[in-house]
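The values are calculated or read from the model by the stated rules, or taken from the named source; none is laboratory data. These figures come from a predicted structure and were not determined experimentally. Cβ atoms come from the backbone with ideal geometry, glycine included; neighbour counts cover every protein chain shown. Note: areas computed on protein heavy atoms with side chains; ligands, DNA, RNA excluded. Shrake-Rupley method; radii C 1.70, N 1.55, O 1.52, S 1.80 Å.
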Amino acid sequence: MSAKTLKTNKASLEGEIKVPGDKSISHRAVMFGSIAEGITHVENFLPGEDCLSTISCFRKLGVVISQNGSEVTVFGKGIDGLVRPEETLYVGNSGTTIRLMMGILSGLPFETRLEGDESIARRPMTRVTIPLSEMGARIAGRNNGEFTPLTVNGGDLSGITYHLPVASAQVKSAILLAGLQASGETVIIEPVKTRDHTERMIKQFGGEVERKDDTVKITGGQALKGTSINIPGDISSAAFFLVAGAVVPGSDIVLKNVGLNPTRTGILDVLEAMGADILISPYDNDAAEPAGDIRVKYSKLNATTIEGELIPRLIDEIPVIALLATQAEGRTVIKDAAELKVKETNRIDTVVNELSKLGVNIEATDDGMIINGMQSLDGGTVSAHGDHRIGMMLSIAALLCENEVILEQSEAVAVSYPAFYDDLYQLMKK
Ligand code: S3P
């Protein structure tokens with residue numbers, strides 16, 4: 001475990017960076033490449049620990065995958081080309097890997113054991129195992145299938161109609177991946193629209209999936225064909241610098257090639273509502289996943305309320321939005337976000353506890369937090385608690401601190417953004 005000393009930096013951020021490839025899309029590119037027939041070339045893949053876990057799991061299922069930095073080639077042999085793994089599939093810290101893979105494994109005629117790190121061992125799995133069992137898979141795990149290690153015995157699946165009890169793209173995607181292998185039609189009704197990368201990717205691989213309002217439908221038995229995927233930058237990684245640019249006095253930065261899928265851009269809506277000085281320049285092309293450049297400059301900010309349908313569109317950005325709110329005028333309220341409790345850490349508690357250690361006036365609620373604005377931050381020793389997004393948020397917080405910050409477990413950032421500190425120091429350099 002490595003602690004990092006973050007010196008106070010009263011200097012502005014300037015210049016331009018290209019944030020790494022999108023994590024959600026990188027996972028899906030490897031997964032769909034692995035179940036499709038033929039070769040899939042992936043450009044701008046995120047070589048973070050989570051996505052490398054996905055590659056390692058599919059290699060154990062017999063798929064040949066070459067990876068060189070952000071270039072990946074997957075040699076797919078169709079879903080029936082996957083073979084029984086000789087060892088447990090280890091997913092590391094990655095909830096997306098384990099939940100989406102269960103959808104794939106549910107339709108395959110063999111037994112697989114899945115396990116991850118101590119954070120994964122605390123994350124709820126019945127949200128996925130219940131619908132997959134209803135479709136015909138046999139899944140067992142600790143505490144009646146709630147926790148890892150999990151064992152999946154796949155087989156013949158039948159389509160279901162399922163009302164998602166929580167707004168979750170991971171659950172929706174797991175059911176879609178099982179639905180691709182099931183007899184008949186699978187229908188999913190979402191309580192609130194979640195990220196739609198899976199639906200877009202099914203179409204990129206030549207499959208069909210239909211959305212109407214809150215309902216997504218897929219028919220089983222479709223064969224997918226390998227393709228070329230160019231992954232846009234991750235708006236959830238860009239978020240740390242969007243906030244840094246908005247709150248560090250004098251800053252003016254440009255983030256290149258940021259994914260602008262509307263199911264992910266809630267943070268841009270929040271920045272605009274708070275009065276931030278941002279300029280979004282979308283690329284004029286017909287890419288499956290829209291992208292563009294974003295320029296952000298320091299400006300005065302006002303508090304806002306973040307709730308309802310906005311929550312799934314910025315769920316991973318809430319830790320850094322809490323920091324943003326400390327610099328706005330007024331009181332920011334975040335609600336309807338109880339899902340934060342079951343992320344890599346309980347992100348309501350970790351955000352509130354760690355920011356409090358830096359002297360921030362912030363309060364946890366049952367489904368979110370209340371943040372008082374116009375605060376000055378002190379400094380001290382804080383911890384990422386093994387949670388990449390907490391580590392990066394605290395590193396940005398250090399830019400605002402009067403005194404030095406020591407960040408424990410800073411290595412966690414490599415889960416989604418291995419070059420985070422390189423990019424940060426580049427923007428700090430004059
Ligand atoms: C993800 C969906 C979200 C998100 C996670 C990635 C995905 O999780 O928090 O980081 O790639 O589908 P939930 O589906 O649990 O909301």
inquiry  = Under a crude label model (7 Å from the Cα following the beta-carbon direction), how far is Lys212 from Ser70 in nanometres?
reply    = 4.0
remark   = Rounded to the nearest 10 Å², the 1.4 Å probe accessible area of Arg389 is 10
remark   = For Asp367, Asp336, the accessible-area ranking with a 1.4 Å probe, largest leading, is Asp336, Asp367
note = From the Cα centre of segment 8-52 to that of segment 98-134, the distance in Å is 23
inquiry  = I'd like the FRET efficiency for Asp366 and Val83, computed as 1/(1 + (r/R0)^6) with the beta carbon distance as r and R0 of 41 Å, rounded to 0.05.
reply    = 0.35
key: Unit Cα scatterers, Debye sum, the chain: log10 I(q)/I(0) for q = 0.08 Å⁻¹   = -0.42
key: Inter-site label distance for Glu185 and Lys357 at 7 Å from Cα along Cβ, in nm   = 5.3
task = Show Arg347, Arg142 ordered by accessible area, largest first, where the area counts protein heavy atoms only and the probe is 1.4 Å.
result = Arg142, Arg347
query = What is the calculated FRET efficiency for Asp422 to Ser56, with r their C-beta to C-beta distance and R₀ = 25 Å, to the nearest 0.05?
reply = 0.55
ask   = Want the number for Glu16 to Gln222: 0.36 nm per residue separation, take away the alpha-carbon distance, what's left?
value = 69.9 nm
ask   = Of the accessible area of the chain, with the probe set at 1.4 angstrom, what percent is carbon plus sulfur?
value = 47
note = Result for segment 23-230: accessible area per residue, probe 1.4 angstrom, in square angstrom, of 38
query = For the chain, what is the percent of antiparallel DSSP beta bridges, rounded to the nearest 5?
reply = 70
task = Can you pull the one-decimal nm distance between simple spin-label points at Ser376 and Thr263, each 7 Å off the Cα toward Cβ?
result = 4.5
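Answer rounded, prolate or oblate for segment 1-127, using the Cα gyration tensor with square roots of eigenvalues a ≥ b ≥ c: rounded when a/c is under 1.5, else prolate when a/b is larger than b/c, else oblate. It would help to have the intermediate numbers written out before the result.
On the way: a/c = 2.71, a/b = 1.55, b/c = 1.74.
Oblate is the answer for segment 1-127, as a/c is 1.5 or above yet b/c matches or exceeds a/b.
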note = Rounded to the nearest 10 Å², the 1.4 Å probe accessible area of Val320 is 0
message = Please list Ser395, Ser2 from largest to smallest accessible area, probe radius 1.4 Å, with all protein chains kept in place.
response = Ser2, Ser395
request  = Rounded to the nearest 500, what is the 222 nm mean residue ellipticity of the chain from helices alone, with -39500 (n - 2.57) per DSSP H run of 4+ residues and division by all residues?
outcome  = -9000 deg cm²/dmol
